[in-house]
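Take a look at the structure set out below.
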Amino acid sequence: MKVTVLEKTEDTLKLRVEDVRPGLMNALRRVIIAETPSMAIEEVVILENQSPLFDEIIAHRLGLVPLKTNYETYVLPSECTCEGAGCHLCQAGFTMEVEAPEDGYLATTADLKPQDPDIVPVSDKIPIAKMARGQRIVVEAYARLGIGQDHAKWQPVSTMAYKMIPSVKVNAKKCDGCKECVEACFRQVFKMQDDKAIVVDELNCTMCNLCVETCDVKAITVTYDENSFIVTIESTGANSPEEIVEKGLDVFRKKYENLIELLPGRALTPRPKPAAKKAAAPKPITTKKKTTPKKTTKKTIPKKTAAKSKSTTAKAKSSTKAKTTKSK
Ligand code: SF4
Ligand code: SF4
Ligand SMILES: [Zn+2]
């Protein structure tokens, strides 16, 4: 396999990948979209909500906020020593306490205060709620690693796509210089030179065949190499595209090893696991006490452990004082 970097920005990577079977390329695409973890808010405790939005809408919006992800510090809850109960190795907390100073105030991710400075929204301009003067929102939120096949909010990429590498040829002997292919091609693959059409940007071709149909003298051929691809990886901002590909390959390798181990007599020697970097235990979240209650009389922050059980969640949902809402 040969890999060439065609373009690279902070959030996007465009690669030329040659000598690889389409099945393998597609498997990597699917693993990166659906099984490569990233951080997203999974639990929201609504302590106060005087905004026009339902608690569930606020929880849903918070859940969809892309968060910076640190693969070194956090592990999937299913792989954590706490067995998914929630601890500083598998969970990062946020608080948000905002009171609109004027009508039309827009609460954004800038109002979401992280417990861990490494796990922050990728932008502080993502809207959460538009509020009238004096309205308040007070919430606690907990983010965890997850995978895209459980919920799209955990996808680390907005795009992971590929296309086979096109090959566009013009037979100069047949070309009569009518320019119709130049006008027909919306990807600016051709230009005219010395009264003949020439190919100037082959990789931009989408293989739509419009030029082939347009050329009356059949001077154009469009083909592709089915074992070579242009791959575009666009991160949500959670990680760099390189880190996402590396993590995706790691997940892919583990799946391959699991498969091999299931074959009789083909067990692999287990690979040593890299030592997980332990994060410092975070400070507990403290939310300021409400000073100007309007709708409610008593504000109690539910205990985190209690908030995680399904029965407590259902009970909390029926209460108007404090609500625990799944962000899905
Ligand atoms: S449409 Fe065909 S004949 Fe006309 S310029 Fe293009 S290649 Fe040449
Ligand atoms: S196949 Fe479509 S995109 Fe490609 S060169 Fe022809 S018109 Fe342009
Ligand atoms: Zn844990």
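Bear in mind these aren't lab numbers, they're just calculated from the coordinates by the rules spelled out. Remember, predicted model here, so these are calculated numbers, not experimental data. No Cβ is skipped: glycine too gets one built from the backbone with ideal geometry, and neighbour counts run over all protein chains shown.
Tabulated values for the structure
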{"item": "Cleavage-rule hits (GluC sites (Glu not before Pro)) in segment 1-48: DSSP loop, at most 14 neighbouring Cβ within 10 angstrom", "result": "Glu10"}
{"item": "Neighbour cut-off at most 11 other Cβ (10 Å), DSSP loop, chymotrypsin sites (Phe, Trp or Tyr not before Pro), segment 185-265", "result": "Phe186"}
{"item": "Label-to-label distance, nm, for residues given as Asp176 and Thr206 (7 Å Cα→Cβ offset)", "result": "2.9"}
{"item": "Segment 71-130: GluC sites (Glu not before Pro) in DSSP coil with no more than 12 other Cβ atoms inside 10 Å", "result": "Glu72, Glu83, Glu102"}
